[in-house]
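Everything on this sheet refers to the single structure shown next.
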Amino acid sequence: MKTFTIGGVHPKENKLSKGEKITVAPIPERVMIPLSQHVGAPATPTVAVGDTVKVGTKIGESAGFVSACVHSSVSGTVEKIDMFPDLSGIKKQMIVIKTDGQDEWEDSIIKSSDLQKDISGFSPEFIKEKIFAAGIVGMGGATFPMGVKLTPPKDVTIDKLLINGVECEPYLTADHALMLEKAEEICVGIELIKKVLGISTALVGIENNKPDAIAKMQQVAATYQGIEIVPLQVKYPQGSEKHLIQALTGREVPSRQLPASVGVIVCNVASAFAVYEAVIKNKPLIERIVTVTGTGLQKPSNLLTRIGTSFNDLLGSIGGVPEGTDKIISGGPMMGRAIRSIDVPVMKGTSGILCMTEKEAHRQKETNCIRCGRCVDGCPMGLEPYLLYTLSKKAMYAELNDHNVTDCFECGSCSFSCPAHKPLLDYIRLGKPKAIQLLNASK
């Protein structure tokens, strides 16, 4: 069974919402839509306070090549354009829209669920224009603008398209549910991406703890030319681009390089579905599936959620924050971030909301390092987390760069592996931006 070769860990899966069908979350009374939901420059507002909008109305224009358009997810009236805290707690410009209860969509959007498979009339340029216009970003968490990803440098040859259906983060099941219910649409989206890139084959990686998704995707992919479903061994963090590339192709992305440097483009299954909707339905990215989960919830769910819905409203739709909740995480427990307030919006990259009890969230008392090397064994990038932790703690940022801290993608395998309960990842996260800043200043 295929997998990557260096490091990796096996956290308890806790897929509490596994098998739960996708349900539609209620439309809230108001949404708060950030103009920065993507890597790159924030979008520029194209509406003013008092304007009326429909579902799908463009409210933010991309502010450069590496940027993304933003659209209204509801119909209603623009109430405010101001600075509000996002998931990080940092204030960002957002557009607040009070809904009108009509849920009126732009006439250009096809709301029909009828499947369209014939894409022969679409040129690569037309498909890419639709992707840019729809504001699609990487929905696995990285939020890199999709149109930019599908425009590699002219001197780079892309010969492999990889589709990420791994979803290795504990608790999360949004992609799993999507593959079960929207496999046909995902495959059409893959065909559209293949057409943009001018390649004939795509590999879809799915871990073998999702046998029903593997079976469903294989059944559907068999009706298409050049889509291969590849079962993978269960190992975290296989959903990382570099590790999925190694597992599926055997290629290794060099330090500080992008997948395109080895001829590969990686897209999430949710991004492929969004491409289908953008090109076939003329529908911008205004909603996504969010796994809302935790041991205290009566019914962990996979909710189709309008962008801009507050965590508070989404949790309220399934009974509210469970009693005894000590920590709420945006995303999963390994790479997600704890949030200070639930009055923050669901964004394009929000894959899950995890409510943790005090017992689950409690950190064990830190003890002395016993030099066991488990953090090194677990690191999928072949780094020395104990050393990066020490250098960061001592503010030795130049030395952090010497030891390739920029290769760390903050998967948390080191902290998970440490028997001394050292906050390895916490300190690496603190030091890494300083090291990058120093590196950029030296160029």
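Is there a residue being part of a loop (DSSP other than H, G, I, E, B), aliphatic (A, V, I, L, M), outside the structural domain of TYR171 (by TED's automatic domain parsing) and closer than 20 Å to TYR236 by Cβ anywhere in segment 394-408? Checked against the condition, which is being part of a loop (DSSP other than H, G, I, E, B), aliphatic (A, V, I, L, M), outside the structural domain of TYR171 (by TED's automatic domain parsing) and closer than 20 Å to TYR236 by Cβ, segment 394-408 yields no hits at all. Taking the criterion of being under 19 Å from ASP86 (Cα atoms) and of a type in the set (Gly, Ala, Ser), would at least one residue in segment 257-269 satisfy it? No; the residues of segment 257-269 include none that is under 19 Å from ASP86 (Cα atoms) and of a type in the set (Gly, Ala, Ser). All conditions but one from (1) assigned to a loop (DSSP other than H, G, I, E, B); (2) of a type in the set (A, V, I, L, M, F, W, C); (3) touching a Lys or Arg at 6+ places or on another chain (Cβ under 8 Å) apply to VAL234; the one that does not is (3). Of all the residues in segment 336-357, those that are open to solvent by 10 Å² or more (accessible area, probe 1.4 Å), in a loop (DSSP other than H, G, I, E, B) and among the polar types (S, T, N, Q) number 2.
Looking at LEU388, LEU383, just one residue is open to solvent by less than 40 Å² (accessible area, probe 1.4 Å), part of a helix (DSSP H, G or I) and not β-branched (Val, Ile, Thr), and that residue is LEU388. When LYS12 is tested against the conditions (1) under 20 Å from the mean Cα position of the chain (by Cα); (2) of a type in the set (Lys, Arg); (3) under 30 Å from GLN238 (Cα atoms), the lone failure is (1).
To keep it simple, each residue is scored yes or no on (1) of a type outside the set (Gly, Ala, Ser); (2) open to solvent by 70 Å² or more (accessible area, probe 1.4 Å); (3) outside the structural domain of LYS195 (by TED's automatic domain parsing).
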residue	(1), (2), (3)
GLY101	no, yes, yes
ASP118	yes, yes, yes
GLY140	no, no, no
GLY147	no, no, no
ALA177	no, no, no
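Could you tell me whether segment 206-218 includes any residue that is part of a loop (DSSP other than H, G, I, E, B) and either without any contact (Cβ under 8 Å) to a residue 24 or more places away in the chain or crowded, with 24+ Cβ neighbours inside 10 Å (or both)? Please lay out each step first, then the result.
Quick first cut of segment 206-218, residues part of a loop (DSSP other than H, G, I, E, B) only: 208-210.
Then drop every residue that is not either without any contact (Cβ under 8 Å) to a residue 24 or more places away in the chain or crowded, with 24+ Cβ neighbours inside 10 Å (or both), which leaves 210.
Taking every residue of segment 206-218 in turn, at least one turns out to be part of a loop (DSSP other than H, G, I, E, B) and either without any contact (Cβ under 8 Å) to a residue 24 or more places away in the chain or crowded, with 24+ Cβ neighbours inside 10 Å (or both).
Filtering segment 409-431 to residues that are in contact with a Leu (Cβ under 7 Å, 6 or more places away or on another chain) and not in a loop (DSSP other than H, G, I, E, B) leaves CYS414, SER415, ILE428, GLY431. From the list GLY165, GLY101, the one residue that fits, being more than 28 Å from ALA213 (Cα to Cα) and either modelled with pLDDT of 95 or more or over 14 Å from the mean Cα position of the chain (by Cα) (or both), is GLY101.
The values are calculated or read from the model by the stated rules, or taken from the named source; none is laboratory data. No experiment lies behind these values; they were computed from the predicted model shown. Cβ: placed from backbone, ideal geometry, glycine included. Neighbour counts: every protein chain shown. Quick note on the areas: whole protein, heavy atoms, side chains included, nothing else; ligands and nucleic acids left out. Shrake-Rupley method; radii C 1.70, N 1.55, O 1.52, S 1.80 Å.
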